[in-house]
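Asks: Dropping a structure here in structure tokens format, bear with me for questions.
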Amino acid sequence: MAAFVLLTRLSPEALHQPRSFETLERHVDEQVKKHCPAVQWVSSYALLGPWDYLDVIEAPDLETATRVSVLVRSHAHAHTEIWPAMPWQQFKGVLHALAERP
């Protein structure tokens with residue numbers, strides 16, 4: 001499966017109290033499991049900056065990762081960005097393969 005970084009910035013209207021974070025998390029998790037059962041959450045981080053969350057997910061393809069992004073946007077009232085990510089060793093393999101071609 002491919003790795004993707006999902007950045008999320010919540011709308012101020014999405015949160016009414018600190019517990020809202022967990023309620024929102026459960027709701028989005030249910031929707032992702034329902035619509036994208038192959039997706040695996042690798043790690044999640046709360047951020048103190050322009051983004052509220054950084055999640056690393058694994059999905060079979062870009063279309064599935066995009067579905068996750070759309071689900072987060074619609075159910076969490078959030079702005080999201082999804083970035084494909086490649087492990088460093090795999091990236092170096094791509095570079096080496098390019099260097100071997102004439």
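Asks: Might you tell me the accessible area per residue for the chain, computed with a 1.4 Å probe and given in Å²?
Replies: 70
Asks: Now for a different question. Rg to Rh for the chain: what is it, with Cα atoms only and Rh by Kirkwood? Numbers along the way, then the final one.
Replies: On the way: Rg = 16.0 Å, Rh = 14.8 Å.
When Rh is taken as the Kirkwood radius, the ratio is 1.08.
Asks: Can you pull the percent of the chain's accessible area that's carbon plus sulfur, 1.4 Å probe, other chains left in place?
Replies: Roughly 59 percent, rounded to a whole number.
Asks: Quick one: if you stick a label point 7 Å off each Cα along the C-beta vector at A2 and V42, how many nm between them?
Replies: Going by the 7 Å Cα→Cβ label model, 1.3 nm.
Asks: Another question, then. Could you calculate the contour length gain from H77 to R26, that is, 0.36 nm times the residue separation minus the distance between their Cα atoms, to one decimal place in nm?
Replies: Details: separation 51, 0.36 × 51 = 18.36 nm, distance 1.41 nm.
Gain in length upon complete extension: 17.0 nm.
Asks: Contact order normalised by length for the chain, with contacts defined as Cα pairs under 8 Å and 6 or more residues apart; what percent is it?
Replies: The value is 42 percent.
Asks: Arranged from highest to lowest average of other beta-carbon atoms within 10 Å per residue, in what order do the peptides 47-53, 64-70 appear?
Replies: 64-70, 47-53
Asks: Need one word for region 46-87: rounded, prolate or oblate. Basis is the Cα gyration tensor (sqrt eigenvalues a ≥ b ≥ c); a/c below 1.5 gives rounded, then a/b vs b/c decides.
Replies: Oblate shape, in that a/c is at least 1.5 and b/c is the bigger or equal ratio.
Asks: If you don't mind, another one. Sorting check: for 30-36, 90-96, which peptide has the highest mean count of neighbouring beta carbons within 10 Å, and how do the rest follow? Can you show the working numbers first?
Replies: Values: 30-36: 14.3, 90-96: 10.1.
Highest-to-lowest ranking by the protection proxy: 30-36, 90-96.
Asks: Net charge around W41, counting only other residues with Cβ within less than 9 Å of its Cβ (Lys, Arg = +1; Asp, Glu = -1)?
Replies: So the environment of W41 carries a net charge of -3.
The values are calculated or read from the model by the stated rules, or taken from the named source; none is laboratory data. None of the values given here were measured: they were computed from a predicted structure. Positions of Cβ are backbone-derived with ideal geometry, glycine not excepted, and every protein chain shown enters the neighbour counts. Heads up: the accessible areas ignore ligands, DNA and RNA and are worked out on the full protein's heavy atoms, side chains in. Shrake-Rupley method; radii C 1.70, N 1.55, O 1.52, S 1.80 Å.
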